[in-house]
Amino acid sequence: MSEPDAAPAGAQPAPSNLVLRVLAGLVLAPLAIALAYAGGWLWALLVTLVSIGLFAEWLMVVGASSVALTGAGTIVIAIVGFCTAFGALKTAVISGFIGGAIVTLIARRKFFWAATGFAYASAALLASILLRQDLVNGFAALMFVLLVVWATDIGGYFAGRSIGGPKLWPRVSPKKTWSGALGGFAASLAVAAGFAACGIGKVVPLLLVSAVLSVVSQLGDLLESAVKRRFGVKDSSHLIPGHGGLMDRLDGFVAAVLAAWIIGFLRHGVHSAGSGLMVW
């Protein structure tokens, strides 16, 4: 969930854009938290719809959008989401592989970018639903990921604007700075400390996990920037006022939640990934 690139030090945001971003955040963040808390099919429905949107935006960014390709991807992602939500994970995975092959065939000359976009959206879908499905620590794990990503974005945004300094990767993202990256990193550690202070996990492991997720989140942001720069696109869409599209808003979260699920899966297995992430 990345913020737009930070402006050079001393620059001021357009008030109207800042207001739109704040208002959008005040609406979307509580909605995401409420559905994450509800879990079950409500969270799975949100994640499935968002993943379909991510795939559609990816196709537009890479210039591969078509009715047939978008339609096929939508149907497959919906099937994968439905099967995952109701416990048919093997069916979801098989459907994903078969559907991914169909999407690749339909894309023809754009097969690489279409397959990459399908994998990107499907990974976001599976990791987000499976992490929450842990009945013991699923909600805590999901909130931890969300708050780490949000803290990284907000801390990076304000640190980058107020401090400025050397650019992080000017060829890919000309306005992002090292100060912003470090500011976001520091803010993510505060989230880990807060969880530990509330008795949710141990402080040292959570600090390490938050550090990994913060870095991965920022790499996800840079990846999306690189793709957009490759195709000469500024925003993935104009769906979210002040933020651009779903890809612009969720690039960091997609990378972080996938990394979080992998960590949890390696420690406690498919259905207890939330505990694997939070309990050490």
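The values are calculated or read from the model by the stated rules, or taken from the named source; none is laboratory data. The shown structure was predicted, so the numbers you read here are calculated from the model rather than taken from an experiment. Using ideal geometry, Cβ is built from the backbone for each residue, glycine included, and neighbour counts are taken over all protein chains shown. We work out accessible area using only protein heavy atoms, side chains counted, and drop any ligands, DNA or RNA first. Shrake-Rupley method; radii C 1.70, N 1.55, O 1.52, S 1.80 Å.
Points worth noting:
- Here's the picture: charge each Lys and Arg Cβ at +1 and each Asp and Glu Cβ at -1 in segment 47-194, and of Ala92, Ala192, Phe118 the one pushed furthest to the positive end of that dipole is Phe118.
- If the chain linking His271 and Asp235 were pulled fully straight, counting 0.36 nm for each residue of separation and taking away their Cα-Cα distance, it would gain 9.4 nm.
- Helix runs (DSSP H) in the chain reaching 27 Å along axis by Cα, Kyte-Doolittle at least 0.0: 15-38, 40-61, 111-132, 138-163, 178-197, 203-230, 246-268
- Leu23 versus Ile94: modelled label distance in nm, points set 7 Å from Cα along the beta carbon direction: 4.9
- Average projection, convex hull of the Cα set of segment 35-144: 6.4 square nanometres.
- Cα-centre dipole for segment 47-162 with unit charges at Cβ (Lys and Arg positive, Asp and Glu negative), debye to 20: 300
- Straight Cα distances below 18 angstrom link Lys110 to the lysines Lys228, with same-chain residues fewer than 8 positions distant left out.
- Solvent-accessible area, 1.4 Å probe, carbon plus sulfur percent, for segment 180-280: 73
- Here is the list for segment 162-220: trypsin sites (Lys or Arg not before Pro) lying in DSSP coil, each with at most 16 other C-beta atoms within 10 angstrom of its C-beta, are Arg171, Lys202.
- Cα-projected label distance for Leu208 with Ala226, points at 7 Å along beta-carbon direction, nm: 2.7
- Cα gyration tensor shape for segment 80-194, rounded if a/c is under 1.5, else prolate or oblate: oblate
- Note on segment 25-100: Kirkwood hydrodynamic radius from all Cα pairs is 13.3 Å, rounded to one decimal.
- Inter-part distance where segment 79-99 and segment 196-214 are each reduced to a Cα centre, Å: 32
- Per residue, the accessible area of segment 186-278 comes to 42 Å², computed with a 1.4 Å probe over protein heavy atoms only.
- Gyration tensor verdict on segment 119-259 (Cα atoms; rounded if a/c is under 1.5, prolate if a/b is larger than b/c, oblate otherwise): oblate
- Heavy-atom accessible surface of segment 72-116: percent carbon and sulfur, 1.4 Å: 77
- Cα shape, segment 220-266, gyration tensor, a/c 1.5 rule: oblate
- Size of electric dipole in the chain: Cβ of Lys, Arg +1 and of Asp, Glu -1, about Cα centre, debye, nearest 20: 540
- Contact order relative to length of segment 39-97, as percent, for alpha carbon pairs under 8 angstrom and 6 or more apart: 36
- Accessible-area order (highest first, 1.4 angstrom probe) of the listed residues Phe253, Phe97, Phe111: Phe97, Phe111, Phe253
- Note on surface exposure: Val254, Val27 rank Val27, Val254 by accessible area, highest first, 1.4 Å probe.
- Derived scalar couplings ³J(HN,Hα) [segment 231-239; Karplus, 6.51 cos²θ - 1.76 cosθ + 1.60; whole Hz; x for Gly, Pro]: 10, x, 10, 8, 10, 5, 5, 10, 5
- Near the amide H of Gly165, within less than 5 Å, lie the amide hydrogens of Ala9, all on another chain or at least 5 residues away, with H placed in the peptide plane.
- Per-residue SASA entry for Thr70, accessible area with 1.4 Å probe, Å² rounded to 10: 30
- Per residue, the average separation of C-alpha pairs within less than 8 Å and at least 6 apart gives segment 106-227 a relative contact order of 22 percent.
- In summary, segment 186-280 shows an alpha-carbon radius of gyration equal to 1.26 times the 2.2 N^0.38 Å reference for compact globular proteins.
- Rounded to the nearest 10 Å², the accessible area of His268 at probe 1.4 Å: 80
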